[in-house]
Amino acid sequence: MPSPIAHGLVGLSVHVLASQDRAEIRDPWRIGVTVGAALIPDIDLLFRLVDGVNHHNNETHSFGFALLAAVTAAAAFRLARWKRPLVLGLVVGLAWASHVLLDLLNLDTHPPIGLMALWPFSDGYYKSPVLLFLDIGRTLDWTAVRHNSVSVAWECVILVPALLAAGRYRMRHLGRDVWREGPKASP
Ligand SMILES: [Zn+2]
């Protein structure tokens, strides 16, 4: 699996691209929801504490679960009267799907190799033939720390420019002062 830093950077990129004005871009709740949706599929690592069985890369790591999260989030935000609940639900789904996509693109060294990406239509484990990211070790020894540092540095080489590109795209569509001054009118 890629590191939480990789998933967080992509979640932040999704948030920036989905924001329609300065107020939304700087809204800590919308940032938290989107970045949280990009991170939360790995909560399945904790399921082992319940029954002692490894559940990692199963249902929560699927595009089907991303769709489920989008629908549930949209309904919840509508009930809570958040601004643009349907869009925010879609953003949650996209951020969740970004986690699945990144995990498909990384080197996997923990069996079963791959993700249950097409659940509920298939229980098979899938992995991209093209791998972009290194794996992250789950031990705390010096070798793992050194390896993880290289993995995270490589993730940043790829994903920080992607975040900057998302910011530039927003600036082009909302005006350069979107980061500094008052809110712009919705497009
Ligand atoms: Zn994951």
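Data overview
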{"read-out": "Calculated [θ] (222 nm, deg cm²/dmol) that DSSP helices of n ≥ 4 give over the chain, each run adding -39,500 (n - 2.57)", "value": "-18500 deg cm²/dmol"}
{"read-out": "Calculated FRET value between ARG48 and ALA165, using beta carbons and R₀ = 41 Å, to 0.05", "value": "0.65"}
{"read-out": "Extended-chain gain in nm, criterion 0.36 nm per residue less alpha-carbon gap, THR143 and LEU79", "value": "18.2 nm"}
{"read-out": "Degrees, to the nearest 10: 63-79 long Cα axis against longest axis of the chain", "value": "40 degrees"}
{"read-out": "9 Å beta-carbon shell around HIS55, net charge (K/R +1, D/E -1)", "value": "-2"}
{"read-out": "Positive dipole terminus of the stretch 74-146, leading residue within ASN106, GLY124, GLY89 (C-beta point charges)", "value": "GLY89"}
{"read-out": "Rounded to the nearest 20 debye, dipole of the chain from Cβ charges on Lys, Arg, Asp, Glu", "value": "980 debye"}
{"read-out": "Cα-based helix-to-principal-axis angle, 142-174 vs the chain, degrees rounded to 10", "value": "20 degrees"}
{"read-out": "Likely footprinting exposure, PHE77, PHE121, fewest C-beta neighbours within 10 Å first", "value": "PHE121, PHE77"}
{"read-out": "The stretch 4-179 shape via C-alpha gyration tensor axes, a/c threshold 1.5", "value": "oblate"}
{"read-out": "Least to most buried among TRP119, TRP142, TRP96 (fewest other Cβ within 10 Å first)", "value": "TRP142, TRP119, TRP96"}
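Taken together, the values in this text are just the output of simple stated rules run on the coordinates, not laboratory data. What you see is a predicted model, and the numbers here were worked out from it, not measured in a lab. Every residue, glycine among them, receives a Cβ derived from its backbone with ideal geometry; neighbour counts consider all protein chains shown.
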